1. Which residues, taken from region 17-45, are aliphatic (A, V, I, L, M) and either within 16 Å of residue 144 (Cβ to Cβ) or within 16 Å of the chain's Cα centre (by Cα) (or both)?
2. Any idea which residue in region 121-146 is nearest to the chain's Cα centre (by Cα), counting only those that are more than 29 Å from residue 187 (Cβ to Cβ) and surrounded by fewer than 17 Cβ atoms within 10 Å (Cβ to Cβ)?
3. Condition test on residue 115, is it among the acidic types (Asp, Glu), at pLDDT below 90 and outside any helix (DSSP H, G or I)?
4. Please go through region 12-35 and give me each residue that is buried (at least 17 other Cβ atoms within 10 Å of the Cβ) and closer than 24 Å to residue 180 by Cβ, ordered by number.
5. Go through region 177-204 and give me each residue that's of a type in the set (Val, Ile, Thr) and within 18 Å of residue 117 (Cα to Cα).
Amino acid sequence: MNQSSEHFTIAAEYALGLLSPEHAKAFEARMKEDPMLQQEYVYWAEHFSSMSEQWQEHVPPAHVKQQLEQQLFSTKADNVTQLRAKSSRRSPIWAIAAAVILAIGIWTFVPPSFEATYQTHLVASESDVIIDVLVDADNKQLRIIPKQGKPAINGDYELWVAIGDGAPMSLGVLDLSEMREVSLDVPWLSSLTNAHMAISHEPKGGSPTGAPTGPVIAVADTVTL
């Protein structure tokens with residue numbers, strides 16, 4: 001697991017209250033200095049909140065707790081049981097439920113790991129917008145990480161990629177309020193060694209033509225990691 005995916009997992013653990021008081025305090029201190037960690041925590045907090053809204057509150061039978069404890073805390077249990085050591089902030093039954101939810105949330109709803117093979121660092125010349133774009137070509141995933149900036153006053157910012165001298169292709173309208181992951185099953189994803197990305201200022205909702213129409217505020221080459 002690389003550093004980025006490790007931070008993603010720790011943010012999930014913090015959102016569920018699985019970190020020890022010491023580790024939680026350290027994570028909170030890091031969040032104050034790292035906007036990316038803040039975005040990852042917000043993602044997980046909203047994600048787990050939406051999961052809880054899918055079911056009505058219900059107290060499970062006692063035998064369910066016993067079965068969970070036997071499965072999670074047996075010597076044959078997998079790595080998810082390591083979360084038990086971080087459950088001191090919650091009651092035992094909450095720690096069990098949280099461990100299960102965390103396992104489902106991480107392994108079902110997001111890729112188990114994100115190994116970036118390409119990166120583009122975009123800094124706008126005439127605004128405060130700064131973003132990083134990471135590409136995991138093997139898993140066909142793209143991660144857009146806003147580092148700084150506010151939404152466009154009039155219209156939207158749109159992200160583009162161009163391979164060599166080819167025409168720009170839209171990667172969507174930028175949401176500068178949170179990190180976003182996109183699945184891209186496209187043939188050119190493995191050809192980013194000769195690519196660059198750009199941000200343009202477009203009408204609300206993005207370019208109406210499928211090509212940049214407004215001023216380009218940032219351009220940067222895509223580098224191989």
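1. Taking region 17-45 first, the residues aliphatic (A, V, I, L, M) are 18-19, 24, 26, 29, 31, 36-37, 42, 45.
Residues satisfying the conditions are 31, 36, 37, 42, 45.
2. By that ranking, first place goes to 128.
3. Numbers: among the acidic types (Asp, Glu): yes; at pLDDT below 90: yes; outside any helix (DSSP H, G or I): yes.
Against the criterion (among the acidic types (Asp, Glu), at pLDDT below 90 and outside any helix (DSSP H, G or I)), residue 115 qualifies.
4. Of everything in region 12-35, those that are buried (at least 17 other Cβ atoms within 10 Å of the Cβ) and closer than 24 Å to residue 180 by Cβ turn out to be 12, 13, 14, 15, 16, 27, 31.
5. Kept after step one, since they are of a type in the set (Val, Ile, Thr), are these residues of region 177-204: 182, 186, 193, 199.
Result: 182, 186, 193.
Listed here are the residues, each with its yes/no results for (1) of a type in the set (Ser, Thr, Tyr); (2) farther than 29 Å from residue 45 by Cβ; (3) at pLDDT below 90.
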site	(1), (2), (3)
152	no, no, yes
155	no, yes, no
161	no, yes, no
171	no, no, no
183	yes, no, yes
186	no, yes, yes
198	no, yes, no
202	no, yes, no
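The values are calculated or read from the model by the stated rules, or taken from the named source; none is laboratory data. Model, not experiment: these values are computed from the prediction. Cβ atoms come from the backbone with ideal geometry, glycine included; neighbour counts cover every protein chain shown.
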